[in-house]
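Contents: one structure, followed by commentary.
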Ligand code: NAI
Ligand code: MG
């Protein structure tokens, strides 16, 4: 048979990551059955804080080599109360993003049917964004150090790295994405008034790349002013590109404005496909609600749509998005983060039923 089969590495990680990835796999398997045109072959990796407690490593030494051959990685979250956050993050999630050169972190944000934005009077017609986060350099490149620990003269540096190659490739990705969206509009976020080296280079490279995209309408915004514009004039934004740190912060704001961190998806892409890309909800391991069965799985389902698109299965991605939107439109299917009483199980069952009923 010429039926496509995709190998997916499932890495649930810690906390609610385990709960939402379990739900996501159920939904993806139902979609593959419903579609019939492709198959999904999941392999499970129980890496994370439990492994760290046993072995001192978040993933085995040959972990990256074991992931390299997969078509995509479906990731939950990392983080545990008793392990420092920089250990969990750098030991697994960032190790994968950096080694697999997943330099484009793409974060769609919309207000889904039935979900209310905390912004008064703002519905889906006024808030429909994609944030493109530079995911390999900037403030999270890992450069810097600490000397004279514990002494009064202790010093720590955290160095932001911006390369022409790194900025240009993310800028090209963002302009191309903006061009592919109906409004053909891009906002380039920097802080080039105060940070006069790397951020000024961002502005210059944006202007250079813009010359190759005459049909994209683009503007610039400083990151502090951007928080106000997102809140007060959301309809003036469409595609947004920003540095690793700036976009990290802005995308949590975006998720909150769209109703909940629990619905927000993201893709960590290696656009050249030399390495597998990684798909994850943007939220963390949420140990405050771990084990209660109330984690919102919608962010993980929406993430699966991004993964299916990347794999070349747009029809299945659209079917899943329709199913998600039918379910969010029904307020009895809202989990507590959205003000409802539904459980992860109820939302998952509703999405499974919507996939069955979709035609
Ligand atoms: P968090 O995203 O885990 O939780 C923030 C708040 O949102 C919590 O009140 C949580 O209950 C709620 N929340 C998050 N996802 C939800 C969902 N799907 N459904 C319902 N409610 C949800 O961020 P927090 O609390 O700052 O960090 C907890 C741990 O997660 C830390 O160890 C942190 O380092 C880690 N983390 C990991 C990330 C990753 O793996 N990509 C991203 C962010 C945080
Ligand atoms: Mg974040």
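Nothing in this text is a laboratory measurement; each read-out follows from the coordinates by a stated rule. Every value quoted in this text rests on a predicted model; they were computed, and no experiment measured them. A quick note on method: Cβ atoms are made from the backbone with ideal geometry, for glycine too, and the neighbour counts reach across all protein chains shown.
Brief remarks follow.
- Normalised contact order of the stretch 4-85, rounded percent, pairs of Cα under 8 Å and 6 or more residues apart: 49 percent
- For the stretch 24-173, the gyration tensor built on C-alpha atoms gives an oblate shape. Its axis ratio a/c (a ≥ b ≥ c) is at least 1.5, and a/b is not larger than b/c.
- Pairwise FRET efficiency - residue 85 versus residue 231, Cβ, R0 = 25 Å, nearest 0.05: 0.35
- Dividing the mean sequence gap of close Cα pairs (under 8 Å, 6+ apart) by how many residues the stretch 117-258 holds gives a relative contact order of 37 percent.
- Compactness of the stretch 76-158 - radius of gyration and Dmax, Cα, Å: 18.9, 55
- Calculated FRET efficiency for the pair residue 151/residue 273, C-beta based, R₀ 45 Å, to 0.05: 0.40
- Kirkwood hydrodynamic radius of the chain, from inverse mean 1/r over distinct Cα pairs, in Å: 21.1 Å
- For the stretch 95-121, the residues whose backbone nitrogen is under 19 Å from a point 7 Å from the Cα of residue 64, taken along Cα to Cβ, are 95-105.
- A helix-only calculation puts the chain at -12000 deg cm²/dmol for mean residue ellipticity at 222 nm, using -39500 (n - 2.57) for each DSSP H run of at least four residues, averaged over all residues.
- Applying Stokes-Einstein at 4 °C and 1.567 mPa s to the Kirkwood radius of the stretch 222-359, computed over alpha-carbon pairs, gives a translational diffusion coefficient of 79 µm² s⁻¹.
- Length available on full extension from residue 194 to residue 164: 0.36 nm per residue minus the Cα-Cα distance, which gives 8.8 nm.
- Computed over the Cα atoms of the stretch 119-164, pair by distinct pair, the Kirkwood hydrodynamic radius stands at 14.5 angstrom.
- Shape category assigned to the stretch 117-258 from the gyration tensor of Cα positions, a/c cut at 1.5: oblate
- With the simple spin-label model, which puts each label point 7 Å out from Cα in the Cβ direction, the residue 359 to residue 329 separation comes to 1.6 nm.
- The calculated FRET efficiency for residue 222 paired with residue 252, based on their beta-carbon distance and R0 = 22 Å, is about 0.75.
- Shape category assigned to the stretch 285-341 from the gyration tensor of Cα positions, a/c cut at 1.5: oblate
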